[in-house]
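First, the structure itself, so that you have it in front of you.
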Amino acid sequence: MRLSRYFLPVLKETPKEAEIISHQLMLRAGLIRQESAGIYAWLPLGLRVLNKVNTIIREEQNRSGAVELLMPTIQSADLWRESGRYDAYGKEMLRIRDRHERDMLFGPTNEEMITGIFRTYAKSYRDLPLNLYHIQWKFRDEVRPRFGVMRSREFLMKDAYSFDLSKEAARHSYNKMFVAYLRTFARFGLKAIPMRADTGPIGGDLSHEFIILAETGESEVFCHKDYLAFPVPSSDTDFDDVANLQATVDRWTSLYAATSEMHDPGAYDALTADARVSARGIEVGHIFYFGTKYSEPMKATVQGPDGKPVTVHMGSYGIGPTRVVAALIEASHDKDGIVWPVSVAPFEVALVNLKPGDADTDRVVDDLEQRLEAAGIEVLVDDRDDRPGAKFASMDLIGVPYQLIVGPKGVKAGEVEIKSRRDGVRRTLAPDDAVAALAAEVIAGRKLA
Ligand code: P5A
């Protein structure tokens with residue numbers, strides 16, 4: 001992609017309305033634009049990151065055995081009257097009336113709709129277990145939308161819903177999502193700690209929030225330091241191995257970890273002083289087991305092995321991809337801008353042409369672009385006619401992991417320079433060697449560490 005033909009509206013000034021660094025950088029680096037309070041347009045660069053986040057989420061949901069579908073954003077109020085949540089949900093729900101005076105709503109979540117789909121088709125215990133998910137926009141009329149896409153009114157959610165014959169089987173479905181979430185957040189380069197959580201309007205008695213530690217986090221959290229070094233389950237995890245999955249979940253819930261709502265100062269103070277971590281956190285995922293809370297009133301039953309109807313046990317599992325993008329920036333930035341991990345970077349290499357119009361430099365840049373693209377690497381070529389300093393500043397701001405810098409002097413000497421965004425380390429190499437080094441490092445960086 002050539003920057004001269006792209007759409008990258010970078011801002012020089014820090015917008016005054018943005019209080020936290022991720023919001024400031026998302027506006028400055030041209031990732032998002034506010035359309036109304038808590039409602040954002042995703043600009044091309046932001047959309048590339050969001051799509052990568054969604055791809056990783058999908059891969060890990062699919063690996064765990066969940067199946068993707070897509071439900072609409074607009075729902076009928078009647079479904080919500082069946083569960084009793086239409087009145088209970090309150091002002092956060094955006095209620096709409098259509099031309100036929102029918103009560104509709106913009107979905108804040110999909111427990112009712114998925115239960116409606118399930119009960120139509122699933123008839124037998126042989127149809128279970130089942131986990132259906134989608135990635136779809138939600139609307140919650142938050143009292144205080146703030147921090148950009150971190151707490152917005154319209155936001156993207158990956159929401160999965162599991163159906164099982166018994167509480168024990170539902171526990172296994174819960175554990176599958178628990179492990180899938182550990183892997184998902186690790187692939188973003190984030191350390192997410194599962195914490196016992198309050199269930200709020202979703203309900204149920206078992207729930208974990210997945211929390212990223214960050215100074216600007218909205219919640220106060222307390223946990224054992226050892227969580228930060230726990231190894232993440234590997235890609236060959238057998239999601240059908242009930243005992244092994246339970247052992248993994250047991251381990252990840254064995255030490256103290258709680259948000260302020262669930263905090264137990266006595267248990268926390270019992271930890272040795274050097275094991276205590278008291279910090280702020282961002283909730284990037286939240287999983288729930290709520291048994292028959294929806295299946296009972298909505299009559300979602302299947303025929304059990306003995307021929308009798310069984311009310312199914314359910315859970316729901318959410319990740320906020322739009323919030324994850326902001327959380328990634330909170331966790332990884334420096335004074336010059338964003339520092340994307342390779343796995344979610346909008347481009348993997350920024351190929352900086354220091355002198356567009358200089359025939360020799362242009363030729364080397366064209367050749368490097370073609371070769372990197374042939375190696376499957378996503379390249380953004382900075383071919384704008386601008387000062388080198390301005391180019392470096394904007395490439396640093398947008399946080400592409402590697403800059404490949406080509407100028408007339410280097411070209412004469414048969415050399416190009418690689419700058420690694422994270423540590424600022426620079427290397428001078430022959431063009432062939434630079435392509436080989438970048439291909440190897442980018443491909444390694446895409447994988448789970
Ligand atoms: C679980 C899936 C639920 O809604 N029903 C379906 C359950 N859970 S939740 O915790 O309320 O939301 C799941 C995740 O969505 C993100 N999120 C938000 N992101 C941005 N702005 C918001 N206002 C917002 N509200 C929720 C979070 O990542 C949350 O963990």
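The values are calculated or read from the model by the stated rules, or taken from the named source; none is laboratory data. As the structure is a prediction and not an experimental result, all values here were calculated from the model. Cβ sites come from the backbone with ideal geometry, for glycine too, and all protein chains shown count toward neighbours. We work out accessible area using only protein heavy atoms, side chains counted, and drop any ligands, DNA or RNA first. Shrake-Rupley method; radii C 1.70, N 1.55, O 1.52, S 1.80 Å.
Per DSSP helix of 4 or more residues, -39500 (n - 2.57); summed, then divided by the residues of the chain. What does that give at 222 nm, rounded to the nearest 500? Intermediate results must be reported in sequence, preceding the final value.
Working: 13 runs with 147 residues, N = 449.
Only helices count here, giving -10000 deg cm²/dmol.
What residues qualify as long-range amide H neighbours of L130, i.e. H under 5 Å apart, gap of 5 or more or another chain, H built at 1.01 Å from N?
So L130 has HN proximity to F163.
Continuing with this model, one more query. Given H placed on each backbone N at 1.01 Å, which residues far from G285 in sequence or on other chains put an amide H within less than 5 Å of it?
Amide H neighbours of G285: F210.
Ranked from highest to lowest mean number of other Cβ atoms within 10 Å per residue, what is the order of the peptides 184-191, 127-134, 438-445, 420-427? Please report the intermediate quantities before stating the final value.
Working: 184-191: 22.1, 127-134: 19.9, 438-445: 16.5, 420-427: 12.6.
Result, highest mean first: 184-191, 127-134, 438-445, 420-427.
Something else about it: What pairs from K391/K419; K91/K191; K355/K412; K91/K167; K355/K391 go past 23 Å between their alpha carbons?
Values: K391/K419 13 Å; K91/K191 34 Å; K355/K412 13 Å; K91/K167 33 Å; K355/K391 11 Å.
Too far apart for the 23 Å limit: K91/K191; K91/K167.
Among 36-46, 280-290, how do they line up from the highest to the lowest mean number of other beta-carbon atoms within 10 Å? Don't skip to the end; give the middle numbers.
Values: 36-46: 16.7, 280-290: 24.2.
Averaged packing, sorted descending, gives the order 280-290, 36-46.
Between N62, N110, N244, which gets the highest mean-square fluctuation from a Gaussian network model of the chain, Cα cutoff 10 Å?
Fluctuation is largest for N244.
Please list the equivalent ellipsoid semi-axes of the stretch 109-175, computed as the square roots of five times the alpha-carbon gyration tensor eigenvalues, in descending order and whole angstrom.
Working: eigenvalues 187, 36, 16 Å².
The three semi-axes for the stretch 109-175 are 31, 13, 9 Å.
Rounded to whole Å and sorted largest first, list the principal axis extents of the Cα atoms in the stretch 293-449.
82, 32, 26
Considering the dipole of the stretch 102-191 built from charges on the beta carbon (Lys and Arg +1, Asp and Glu -1) around the Cα centre, which of A122, G107, L156 is farthest to its positive end?
Going by the Cα projections, it comes out as L156.
How large is ³J(HN,Hα) for each residue in the stretch 168-184, as worked out from phi by the Karplus curve 6.51 cos²θ - 1.76 cosθ + 1.60 (θ = phi - 60°), to whole Hz, x for Gly and Pro?
Values per residue, Gly and Pro as x: 5, 5, 5, 5, 5, 4, 4, 5, 4, 5, 4, 5, 4, 5, 4, 5, 4 Hz.
Taking the Cα centre as origin and putting +1 on Lys and Arg beta-carbons and -1 on Asp and Glu beta-carbons, what dipole magnitude results for the stretch 145-272, to the nearest 20 debye?
380
Normalised by the number of residues in the chain, what is the relative contact order in percent for Cα pairs under 8 Å and 6+ residues apart?
Details: 875 pairs, mean separation 75.6, N = 449.
Across the chain, relative contact order equals 17 percent.
Report in % the part of the accessible area of the stretch 86-231 that belongs to carbon and sulfur, leaving out ligands and nucleic acids; probe 1.4 Å. Before the final figure, lay out each step's value.
Details: 2950 of 5980 Å².
Ligands and nucleic acids excluded, carbon and sulfur give 49 percent.
Calculate one ³J(HN,Hα) per residue across the stretch 258-274 by plugging θ = phi - 60° into the Karplus curve 6.51 cos²θ - 1.76 cosθ + 1.60, and present them in order as whole Hz with x for glycine and proline.
Along the stretch 258-274, the couplings run 8, 7, 4, 5, 10, 5, 10, x, x, 5, 5, 5, 6, 6, 5, 4, 6 Hz.
Show me, for the stretch 352-364, the HN-Hα J-couplings you get by feeding each phi into the Karplus relation (A = 6.51, B = -1.76, C = 1.60, θ = phi - 60°), rounded to Hz, glycine and proline as x.
Each residue's phi maps through the Karplus curve to give 9, 8, 6, 9, x, x, 7, 4, 5, 5, 4, 4, 5 Hz.
Give the Rg/Rh ratio for the stretch 281-329, taking Rg as the radius of gyration of the Cα atoms and Rh as the Kirkwood radius, to two decimals.
Numbers: Rg = 16.8 Å, Rh = 13.2 Å.
Rounded to two decimals, Rg/Rh equals 1.27.
Work from the charge dipole of the stretch 257-375 (Cβ charges, +1 for Lys and Arg, -1 for Asp and Glu, about the Cα centre) and give the residue of V324, S343, P265 farthest towards its positive end.
P265
Projecting each Cα onto the charge dipole of the stretch 180-306 (Lys/Arg +1, Asp/Glu -1 at the beta carbon, about the Cα centre), which of L190, Q303, F290 comes out farthest on the positive side?
Value: L190.
If you count only protein heavy atoms with a 1.4 Å probe, what accessible area per residue comes out for the chain, rounded to a whole Å²?
In whole numbers, the chain has 44 Å² accessible per residue.
Using only the alpha-carbon atoms, what does the stretch 1-151 span along each of its principal axes? Please give whole angstrom values in decreasing order.
59, 39, 29
Shifting gears a bit: Charges only on Cβ, +1 for Lys and Arg, -1 for Asp and Glu: so what's the dipole of the chain about the Cα centre, in debye to the nearest 20? Intermediate values should be presented prior to the final figure.
Details: 58 positive and 65 negative charges, 108 e Å.
It comes to approximately 520 debye.
Seen from all sides and averaged, what is the projected area of the convex hull of the Cα atoms in the chain, in nm²? Don't skip to the answer; put the middle values down first.
On the way: hull surface 98.7 nm².
The Cα convex hull of the chain, projected and averaged over all directions, gives 24.7 nm².
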